[in-house]
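Every read-out reported here was derived from the displayed coordinates using simple, explicitly stated rules and does not represent laboratory data. Only a predicted model underlies this, so the values are computations on that prediction, with no experimental measurement involved. For neighbour counting, all protein chains shown are included, and Cβ atoms are generated from backbone atoms with ideal geometry for every residue, glycine included.
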Amino acid sequence: MKRFFVMVLMLLVSAEFFAESEKQVIQKGIEYHNLAKTESDGYAEKCKTTLKPYIETSMLCRGYYGSAITLQAGYCAESSPIKALDLLRKGSDYIDEAVKKDGDNVELRILRLVNGVQVSKSSPFKRYSVIKDDVEYLSDKKNISTLDKNNLSLVYLYIGYYKIEEGEIDYALDSFDKAVEVLPGSDSAVEAEKMLERYEEWF
């Protein structure tokens, strides 16, 4: 009997260790994704390799995996625009599938909003009709009530970008103001201030 309990304890410890290890691997994959935004295509590939084992079970991993593909499109946009467009479509499909299956995951919603705005601003592949749903979701205060200030500022910044494209200037400026108020001096706040200065010259 004692031996049985020891074996059970070992299995529980192993399962806990495996879960923690998997969490660390996923976090590393997300870190690679974020590095790929400014560093090199190699990090996007590392992100995909790291997260691929989990994209069927974790929709967050699936979303970041798709986003990494869209980042790769940026690296080949000039040399091979057709390939870049194909990558944008493929990566966006992964993100959309993830949101469809886990629509209440606020991190996924933020990921698609940010990715969608960036893709739409930098390529012929427009995502505004899709991310409209994310803007509506993230505009509901109860859905963003648990976000830290850094992510909340980011949300307001990108809602502002979206509203600019929709021609809702007053709404956009209000969002930029909120991005600054939430976390002054943050990267998102600095970008929001630039947008406010740009449009203040027009009004």
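Angle of helix 187-200 to the longest C-alpha principal axis of the chain, folded into 0 to 90 degrees and rounded to 10: 20°.
Convex hull volume per residue, computed on the Cα atoms of the stretch 113-152, equals 59 Å³. Loop-located GluC sites (Glu not before Pro) in the stretch 97-203 (DSSP state other than H, G, I, E, B) with a sparse environment of at most 15 neighbouring Cβ atoms within 10 Å: E166, E168, E201. With R₀ fixed at 41 Å, the C-beta to C-beta distance from E166 to V190 puts the FRET efficiency at about 0.95.
Taking a straight Cα-Cα cut-off under 20 Å and skipping sequence neighbours fewer than 8 places away in the same chain, the aspartates and glutamates within cross-link reach of K100 are E56, D133, D134, E136, D140. Put a plus charge on the Cβ of each Lys and Arg, a minus charge on the Cβ of each Asp and Glu, and nothing anywhere else: the dipole of the chain about its Cα centre is then about 1020 debye. Globularity index of the chain is 1.19 (Cα radius of gyration / 2.2 N^0.38 Å, N = number of residues). What the Cβ-Cβ distance of Q27 and D93 gives, at R0 = 30 Å and to the nearest 0.05, is a FRET efficiency of 0.80.
Straight-distance candidates among the lysines for linking to K83, with alpha-carbon spacing under 24 Å and chain neighbours fewer than 8 residues away dropped: K37, K46, K48, K52, K121, K126. Output the 0 to 90 degree angle, nearest 10, between the alpha-carbon long axis of helix 169-182 and the longest principal axis computed from the alpha carbons of the chain. Once rounded, the angle reads 50 degrees. When you filter the trypsin sites (Lys or Arg not before Pro) in the stretch 22-60 for DSSP loop state and at most 14 other Cβ atoms inside 10 Å of their Cβ, you are left with K37. Helix 2-36 and the longest principal axis of the C-alpha atoms of the chain enclose an angle of approximately 20°.
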